[in-house]
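Please read the structure below before turning to the comments.
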Amino acid sequence: MATSARPEQKLQPWNDPQAVPYIAIERVTKKFGDFTAVNDVSLKIYKRELFCLLGGSGCGKTTLLRMLAGFEEPSSGKILIDGVDMAGIPPYERPVNMMFQSYALFPHMTVEQNVAFGLKQDRLPKDEINDRVAKMLGQVKLSQFGKRKPHQLSGGQRQRVALARSLVKQPKLLLLDEPLGALDKKLREHTQFELVNLQEQLGVTFVVVTHDQEEAMTLSSRIGVMNLGEIVQVGTPKDIYEYPNSKFVAEFIGNVNMFQGRMIEDLPDRVRIESAELGGTIFVDHGVSSAPDAILSAAVRPEKIIISIDKPPQEDNVARGVVKEIAYMGDMSVYLVQLDSGKVIRITQPNAYRHADDLITWDQAVYVHWHPSSPVVLSE
Amino acid sequence: MSARAEGPRGQRHSAGAQLVLRVLQQLPPYRWTQARLVKWGVTGRSAVIAIPYFWLLLFFLIPFLIVLKIAFAQQLNDSPPYSALFELIDGGRSQGWILDAKLYLRGFISLFTEDLYWQAYVNSVKISFISTICCLLVGYPIAYAIARSTTTWRNILLMMVILPFWTSFLLRVYAWIGILKNNGLINNFLMWTGLIDEPIVMLQTDFAIYVGIVYSYLPFMILPLYSNLEKMDLTLLEAAADLGCKPIKAFLKVTLPLSLPGVIAGSMLVFIPVIGEFVIPELLGPSDTLMIGKQLWRVFFTGRDWPMAAAVAVALLLFLVVPIVLLQRAQGAELKGAHR
């Protein structure tokens, strides 16, 4: 597979061959009848990580999470948590807690009783239960709501009760199924940071399932992108965004402009691709492992493309086009530019100056260009 | 112009109906009637709501008032066999017309003074209570199993619960005589296997009454329980398991408390009608069974004492108001819970 080379990263557990993974998923497959929900997934997750499983609906991410919690047994393969094989261990004996997408709060219990439920199962002394519940409710800022029933709370408050209930047992591993899915945008952003802070404070390993790529980017130490039951790429948010290993990942995470073309120059430290879609050549300042004359795609993120009225002084990575649409988003503007080849590309520019966009208007002829380090080269 | 026209609220009428409506609305009687009705506070909505109230008035409140009137009358050897409550008497020149009202309290006083009546009430409550508990113990597992089975099975099982209603209630109770009697189905089978030499006396015992009641009223317990258990969110049980709760404890801590409205509704649907039950104790029970339904029948038909029978019936009704109110509370709570 053709992938752009990555720069050196700082030392992190997943790059340390000596590090022992906290969760080891080894070639796990889950079938429901004829349908394969999870297909031969292997994954290592390390202590104190905030790992996101990201994918569209039906990609198998929730099934994988439910296998960690013990609600589903793998059809084949092994799951080890802290070195212990989880096969045959029921959910109520696993050192794992889960926060459900629907929150699954007990409607007949107060907030306090909900949070205390897990501790009562461990037969802890009453005083200790009360102390820990009070402390936990303080941490999620719900102290004054302890006597309320779940239906008397707002969505955000219920989300925090669910979080408190799953954290109060001090699990080594917390599983979160779309934890912020039911919240509105403002609250979601706010809660994202709270969740990260809480995770750092408590030192718990989080595995989060989400379909929201923005959420995954903000929260996680690493992301596992899933598609059709398989893990297609694992990496830090930056890795995934800047160095997607496939067209699927590039298109799933953020927006991207794809230019198909044929490799015409293949050197260890640079590549040139001739692309009819661009109507020119794409020059990439890093090597690509691929056969000569291969058909490749160069992916360029919208924010890495510069739009200008004057012709830029370069031969590669440049094209001429006409502005078809401008969407003003406040912090930035989105331009849809139709190139001479007919392809429409997406460009975003920050609105650094108040009237910067006055220069470029609809139906204006413009030039687009980018730096040779910007494209990521992907094979078909 | 199109063949269809938009009605005033967006509903579509065919062109013909639209024309008829428009003409009707222009006619004076239509507008006059509508104006009157609106003036009296009669709208479409209140008219619809009035139907059940009218029904209750006609078939519950008025008959109840008639029974109440009879309860305060005197027994007569006449037709009808009770005295009138009010009489208009000509008191002659000195007194003029007199409205003479006589309320005989004998019926209600007998309820308290004669042991037979209050014993019958107590015994009815006892039988009703034990039957309700038995129905609950038998019905809960059945309702639970139906609610947790696959959709295809669920429909078949529900059908089987409802199926007995297709036969007459009386026939079904009669069938139990054939099953329970000394040379009936059970005894013949047990004697054929050699487990017993003598037939076990089951018919005309309290046991037979309980069998009959539990059999007849079980669907009334199962159906509300099923509808409650079926809509329970199963992720709650997963959450309980996730928090370290074993399945049996999760049932006791989560499923059972959440099904309480269903338990109450089902119990009331069994308890209330069984208190007044007459057919089952009469056909299956011992002849000396004291139940208020049987007592009522005896006083009314054998004794021809209509006022006394009416007093028994009124007392029974008042007696049942308490559980009925409880039932409505429970249903109200369930409705509220559904809006969470």
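Can you tell me which residue among B:Asn228, B:Asn187, B:Asn155 is within 14 Å of another protein chain (Cβ to nearest Cβ) and of a type in the set (S, T, N, Q)?
On the way: B:Asn187 fails: within 14 Å of another protein chain (Cβ to nearest Cβ); B:Asn155 fails: within 14 Å of another protein chain (Cβ to nearest Cβ).
On inspection, the qualifying residue turns out to be B:Asn228.
Any residue at all in the range B:327-336 that is among the acidic types (Asp, Glu), within 14 Å of another protein chain (Cβ to nearest Cβ) and out of contact with any strand residue (DSSP E or B) (no Cβ under 8 Å at 6 or more places or on another chain)?
Going through the range B:327-336, the residues among the acidic types (Asp, Glu) turn out to be B:334.
Narrowing the set further to residues that are within 14 Å of another protein chain (Cβ to nearest Cβ) leaves B:334.
After this cut, where a residue has to be out of contact with any strand residue (DSSP E or B) (no Cβ under 8 Å at 6 or more places or on another chain) as well, the list is B:334.
The answer is yes, given that some residue of the range B:327-336 is among the acidic types (Asp, Glu), within 14 Å of another protein chain (Cβ to nearest Cβ) and out of contact with any strand residue (DSSP E or B) (no Cβ under 8 Å at 6 or more places or on another chain).
Cβ-Cβ distances below 8 Å connect the following pairs, each with a first residue in the range A:280-295 that is buried (at least 18 other Cβ atoms within 10 Å of the Cβ), a second residue that is among the β-branched types (Val, Ile, Thr) and in a loop (DSSP other than H, G, I, E, B), and a separation of six or more residues or different chains: A:Val288/A:Thr3.
Taking the listed residues A:Gly321, A:Gly342, A:Gly330, the one that is within 24 Å of A:Leu378 (Cβ to Cβ) and loosely packed, with under 15 Cβ neighbours inside 10 Å is A:Gly342, with no other qualifying.
Among the residues of the range A:158-203, which ones are of a type in the set (S, T, N, Q) and within 20 Å of B:Leu243 (Cα to Cα)? A:Gln159, A:Ser166, A:Gln170, A:Gln199 - these are the residues of the range A:158-203 that are of a type in the set (S, T, N, Q) and within 20 Å of B:Leu243 (Cα to Cα). Residues of the range B:232-283 that are at the interface with another protein chain (Cβ under 9 Å from one of its Cβ atoms), of a type in the set (Asp, Glu) and buried (at least 20 other Cβ atoms within 10 Å of the Cβ): B:Asp242 alone.
Among the conditions (1) in the same structural domain as A:Arg188 (by TED's automatic domain parsing); (2) of a type outside the set (Val, Ile, Thr); (3) out of contact with any Lys or Arg (no Cβ under 6 Å at 6 or more places or on another chain), the only one that A:Asp269 does not satisfy is (1). Looking across the range A:70-92 at every residue that is within 11 Å of chain B (Cβ to nearest Cβ) and not in a loop (DSSP other than H, G, I, E, B), the one that is farthest from A:Gln121 (Cα to Cα) is identified as A:Pro91.
For A:Met99, are the conditions met, namely being touching a residue at least 60 places away in the same chain (Cβ under 8 Å), closer than 22 Å to A:Gln199 by Cβ and either of a type outside the set (Ser, Thr, Tyr) or not assigned by TED's automatic domain parsing to the domain that holds A:Pro21 (or both)?
yes
Would you confirm whether any residue within the range B:175-195 is within 25 Å of B:Ile272 (Cβ to Cβ), among the aromatic types (Phe, Trp, Tyr) and touching a residue at least 24 places away in the same chain (Cβ under 8 Å)? Before the answer, list the steps.
First pass over the range B:175-195, keeping only residues within 25 Å of B:Ile272 (Cβ to Cβ): B:175-176.
Remaining after also requiring among the aromatic types (Phe, Trp, Tyr): B:176.
Now restrict to residues that are touching a residue at least 24 places away in the same chain (Cβ under 8 Å): B:176.
Within the range B:175-195, one or more residues are within 25 Å of B:Ile272 (Cβ to Cβ), among the aromatic types (Phe, Trp, Tyr) and touching a residue at least 24 places away in the same chain (Cβ under 8 Å).
The values are calculated or read from the model by the stated rules, or taken from the named source; none is laboratory data. Note that this is a predicted model, so its numbers are computed, not measured. Every residue, glycine as well, gets a Cβ built from its backbone with ideal geometry; the counts of neighbours run over all protein chains shown.
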